[in-house]
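Visitor: Take this structure first; my questions come after.
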Amino acid sequence: LAAVAAAMAQAPGGSASSGSSGSTVSASASSTSSSIPSETIAVATSSATPAEVADALEEVRMAVEQLVIPHQEAVELLPRDDRLLAMQAELISREYKLEYE
């Protein structure tokens, strides 16, 4: 997999995205949730191992808590399969109340 690439800095209220190659996340609301819901991790699919699911969700948590919220930076996440991208998108919108693209 390719390395995580940080995108340009965004002003508060920016947006983020989810494409077939990766997701871009930027801050649009203040949120400080730091736990990954166990029910999200339990949704492991046949195409992704539990370790891959945990890695994908941890990648989101680290990116949001270390770059997006404190520095208002958009972040491009690693390319993942569609099911993992959907799980990442759910975590971003439900737990952190952020937008993505």
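The values are calculated or read from the model by the stated rules, or taken from the named source; none is laboratory data. It should be emphasised that the depicted structure is a prediction, and the values quoted were computed from it without experimental measurement. Virtual Cβ from ideal backbone geometry, glycine too; neighbours counted across all protein chains shown. The accessibility values were calculated without ligands, DNA or RNA, using every heavy atom of the protein model including side chains. Shrake-Rupley method; radii C 1.70, N 1.55, O 1.52, S 1.80 Å.
Visitor: Please specify each residue of the range 75-101 satisfying the condition of being of a type in the set (Phe, Trp, Tyr) and open to solvent by less than 60 Å² (accessible area, probe 1.4 Å).
Guide: TYR96
Visitor: Could you tell me which residue of the range 87-101 is nearest to GLY22 (Cα to Cα), considering only residues that are over 9 Å from the mean Cα position of the chain (by Cα) and touching a residue at least 60 places away in the same chain (Cβ under 8 Å)?
Guide: GLU101
Visitor: Mind checking whether some residue in the range 1-18 is under 13 Å from the mean Cα position of the chain (by Cα), modelled with pLDDT of 90 or more and not acidic (Asp, Glu)?
Guide: no
Visitor: Could you grab the pairs with beta carbons closer than 8 Å, sequence gap of 6+ or different chains, first residue in the range 56-81 and free of Cβ contacts under 8 Å to residues at least 60 places away in the same chain and among the small types (Gly, Ala, Ser), second one in a strand (DSSP E or B) and surrounded by 19 or more Cβ atoms within 10 Å (Cβ to Cβ)?
Guide: ALA63/VAL25; ALA63/VAL75
Visitor: If a residue must be of a type outside the set (A, V, I, L, M, F, W, C) and open to solvent by less than 50 Å² (accessible area, probe 1.4 Å), how many such residues does the range 45-60 contain? Lay out the reasoning, then the answer.
Guide: Step one: of the range 45-60, the residues of a type outside the set (A, V, I, L, M, F, W, C) are 45-47, 49-50, 52, 55, 58-59.
Filter once more, so that each one left must be open to solvent by less than 50 Å² (accessible area, probe 1.4 Å): 45, 59.
Number satisfying all stated conditions: 2.
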